[in-house]
Amino acid sequence: MTEATETQVTPRTASPVIVTRELNKSYLSDNGEVRALENVSLEVERGEIVALLGPSGCGKSTLLDILAGLTPKTSGEVEVNGEGPKPQPEVGIMFQQALLFPWRTVAANVLLPSELINGRDREWKERAEELLTLVGLEGWSDRYHWELSGGMQQRVALARVLLLDPEILLLDEPFGALDEMTRESLDTEMMRIAADTRKTVLLVTHNVYEATLMADRIFVFTARPGRIAGVVEVDEAQPRDIAFSTSSLFGEKVAQVRDLLSSGSEK
């Protein structure tokens, strides 16, 4: 069985863009206190793709919400770009559902973030068109969401989150509801975009293969309360393609992740 990495993570750079130290999150339910996260310490370097992997209900999405400033921590330290967690234009977040407005065209959905900061000029429209080309939707600007497949809707959502050019992307299982072929296609597209635009990506997933395909490092969480059972490093250049999933290195890393998941479920 693979030996788990210590929860206290040694700093990898002088100035990581995401840091948590002994982070805890609890909340009250009708049945009393629920501990979602316990003593979570991690660091994410600029330009990394990092996956948070674990069973359903282990606090992965809660951690992402804390980093995005959408929910408060209970205790511990959290820094994003050197600041306490709060909504900021440098941080973009994408959810499992595309959340497109049905009365708006594809281009209008992509432009929504610019309108929230009173940006309605031609440059924003040109950028929206460039991003739609980047995500493989050139020529679809005037369509509506009901004319798009699920994968195409997620491409629109990805273009929207990229509009303000955030340095950090927080992805909460954005392709989890899609079929396997579409998911693999969008996973490789996401890696290419991250490499081309030098984004830092934090991906929440419960899919071992997706995490191993995409991530430079995989933080494996235990069942609730979510703790870090260990970290698996995947030493393969980015961006990767599906062919990597047939390599011996991929199989080795999948086995390490599964061992950590198994050991975490026993705690």
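FYI, it's all coordinate maths here, none of it is from the lab. Keep in mind the model is a prediction, meaning the values are calculated, not measured. Glycine gets a Cβ as well: all are built from the backbone with ideal geometry, and neighbour counts include every protein chain shown.
List every residue whose amide H lies under 5 Å from the amide H of residue 221, counting only residues 5 or more places away in sequence or on a different chain, with H placed 1.01 Å from N in the peptide plane.
53, 54, 229
Any chance you could run the full-extension gain for residue 29 through residue 142? It's 0.36 nm times the residue separation minus the Cα-Cα distance, nm to one decimal. List each step's numbers first, then the result.
Numbers: separation 113, 0.36 × 113 = 40.68 nm, distance 4.50 nm.
Gain on stretching residue 29 to residue 142: 36.2 nm.
Once the convex hull of the C-alpha atoms of region 99-165 is built, how many Å³ does it hold per residue, rounded to a whole number?
Each residue corresponds to 77 Å³ of Cα convex hull volume.
For helix 150-162, report the angle its Cα long axis makes with the longest principal axis of the Cα atoms of the chain; keep it between 0 and 90° and round to the nearest 10°.
The angle comes out near 90 degrees.
Would you compute the Debye intensity of the chain from its alpha-carbon atoms alone, equal scatterers and no solvent, and pass along log10 I(q)/I(0) at q = 0.07, 0.12, 0.14 Å⁻¹ to two decimals?
With no solvent term, the Cα-only Debye profile gives -0.25, -0.73, -0.98.
Can you work out the Karplus-derived ³J(HN,Hα) for every residue in region 81-95? Use 6.51 cos²θ - 1.76 cosθ + 1.60 with θ = phi - 60°, whole Hz, and x for glycine or proline.
6, x, 10, x, x, 6, x, 8, x, 6, 10, x, 10, 10, 9
If amide H atoms are built 1.01 Å from N in the plane of the peptide, which residues on other chains or at least 5 residues away come under 5 Å of the amide H of residue 143?
Correct list: 106, 107.
Enumerate the amide H contacts of residue 226 below 5 Å, restricted to partners 5 or more residues apart or on another chain; note that Pro and chain-start residues carry no placed amide H.
Under 5 Å from the amide H of residue 226 lie the amide H atoms of 37, 38, each far enough along the sequence or on another chain.
Report, in degrees rounded to the nearest 10, the 0 to 90 angle that the Cα long axis of helix 106-116 makes with the longest principal axis of the chain.
70
Using Cα springs under 10 Å in a Gaussian network model of the chain, which residue among 82, 230, 92 shows the largest mean-square fluctuation?
In this elastic network of the chain, the residue with the biggest mean-square fluctuation among 82, 230, 92 is 82.
Cα to Cα, under 14 Å, and not fewer than 8 places away if on the same chain: which aspartates and glutamates meet these conditions relative to residue 25?
Result set, ordered by chain and number: 33, 38, 65, 77.
For 94, 181, 214, which order do you get if you count the other beta carbons within 10 Å of each Cβ and list the fewest first?
Taking fewest neighbouring Cβ atoms as first place, the list is 181, 94, 214.
Would you mind getting me the FRET efficiency between residue 77 and residue 209? Use the beta-carbon distance for r and R0 = 51 Å, nearest 0.05.
After rounding, the FRET efficiency stands at 0.95.
What are the radius of gyration and Dmax of region 144-267, computed over its Cα atoms and given in Å?
In order Rg, Dmax, the Cα atoms of region 144-267 give 15.3, 48 Å.
Full extension from residue 149 to residue 90: what is 0.36 nm times the residue separation minus their Cα-Cα distance, to one decimal in nm?
Between residue 149 and residue 90, full extension yields 18.3 nm more.
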